[in-house]
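The values are calculated or read from the model by the stated rules, or taken from the named source; none is laboratory data. A quick note: this is a predicted structure, and the numbers were derived from the prediction, not measured. Counting neighbours? That spans all protein chains shown, and the Cβs are built from the backbone with ideal geometry, glycine included.
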């Protein structure tokens, strides 16, 4: 397979590979990984800090969810636009804008003197994150074009994507306990400052080719659709599935997304060219990561509840409890995920990873009120981590493989969008199932402390069974959709379309 992504297959093999020196590429990976870590850990780091922030700023439980939802809404709804803007105006430029904006928004949140200021800061973080995340992944895709190197790079990047949530829990616990909840936001200034300096010196970008106008109708439809969906699912978690504020936004979201697809089929310069999604490997990666993302939320959210409510772990101890899982994610993502993907492609690896993760969740369904961390929680965490490493590295590689460079940004945005939507659906469904399981257990029983604890345990078991099902579904979908064989790294673009 040719290693030049900006020439067609079959072009003269003696042409030199046009790319930065090897050490420059690996430094670029460090910079991109730091930015990815910042975006991913911010989804969980603030969750740990929220109770303390709530006590400090004095806002209600009902208002508390908006600190999380504000970030999710802005991030999830603007990703496609962020990805397209990086294709149009340059990936490095959007990467730097995203980094600096994210850091300033974090500073605003850290200095918040009330709920409104904190929610605005979180929404701004989400908006700049939506510019940053696709730019980072597309820069990775266009920097590493040789299959072996690309496998290693995506292995490391995938490990960070899979482990970032757990790192966020640990860092959030440490900062909240030993510094202040405000440092859960201020920490981004340190990460962003290092990444900006690294980006200025180490990131290379291609010249931006000619492009058409931004697809305004498609952008409006996508934003309304994604906001409606994420908002409605968030309300389902708190208000139930039959509430008007749940069903209304979800219905508006679905209708808007259908309209979005119809618009994209007709406009000259679509926000999301359907050729990006309809490729089997890319479609397989988007579907797999969305379903696995739903299952992963069952692990992070409800196992955190178990560790704190049943085992009485402190925030720091809870964060440390997830470390072995992060180690196992990194192990498989950077070894099997990175070495085997270039040789055999994602089709054997992603289903196997999802099956292993399902096995780990199945193990966690055995947890009891007297279970210990070492025998009850730890084996399940390690098994899930080993599986997730095989899911994340190949899917992120497949999501941007074979895509023409002028579509790399929006192809990268899609992987983040589906992960966000999958996580939102997972959180809403699993929270709803957990609440129903707990109330069903209590029917006809005296609500003593022991019975209430058993009801909570029943809710965790229900969630872990459903997460097992999500991972099994991800395995089936990946096995059906992915093509057999190595990934297409080179886009089949005629010379005229090369940058």
Of the residues 43, 33, 55, which single one is modelled with pLDDT of 85 or more and surrounded by 17 or more Cβ atoms within 10 Å (Cβ to Cβ)?
-> 33
Would you be able to say whether some residue in region 261-280 is under 30 Å from residue 365 (Cα atoms) and either buried (at least 19 other Cβ atoms within 10 Å of the Cβ) or at pLDDT below 95 (or both)?
-> no
Just one listed residue, out of 313, 306, 300, is under 22 Å from residue 69 (Cα atoms) and in the same structural domain as residue 402 (by TED's automatic domain parsing), and it is 300
Among 306, 297, which is the only one that is at pLDDT below 90, in a helix (DSSP H, G or I) and crowded, with 21+ Cβ neighbours inside 10 Å?
-> 297
Has region 382-398 got at least one residue that is under 25 Å from residue 85 (Cβ atoms), assigned by TED's automatic domain parsing to the domain that holds residue 36, buried (at least 24 other Cβ atoms within 10 Å of the Cβ) and more than 13 Å from the chain's Cα centre (by Cα)?
-> yes
For region 417-439, state whether one or more residues are touching a residue at least 60 places away in the same chain (Cβ under 8 Å), surrounded by 20 or more Cβ atoms within 10 Å (Cβ to Cβ) and farther than 28 Å from residue 68 by Cβ.
-> no
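Quick grid of which residues meet (1) within 26 Å of residue 226 (Cα to Cα); (2) assigned to a helix (DSSP H, G or I); (3) touching a strand residue (DSSP E or B) at 6+ places or on another chain (Cβ under 8 Å):
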residue	(1), (2), (3)
421	yes, yes, no
427	yes, yes, no
434	yes, yes, no
437	no, yes, no
444	no, no, no
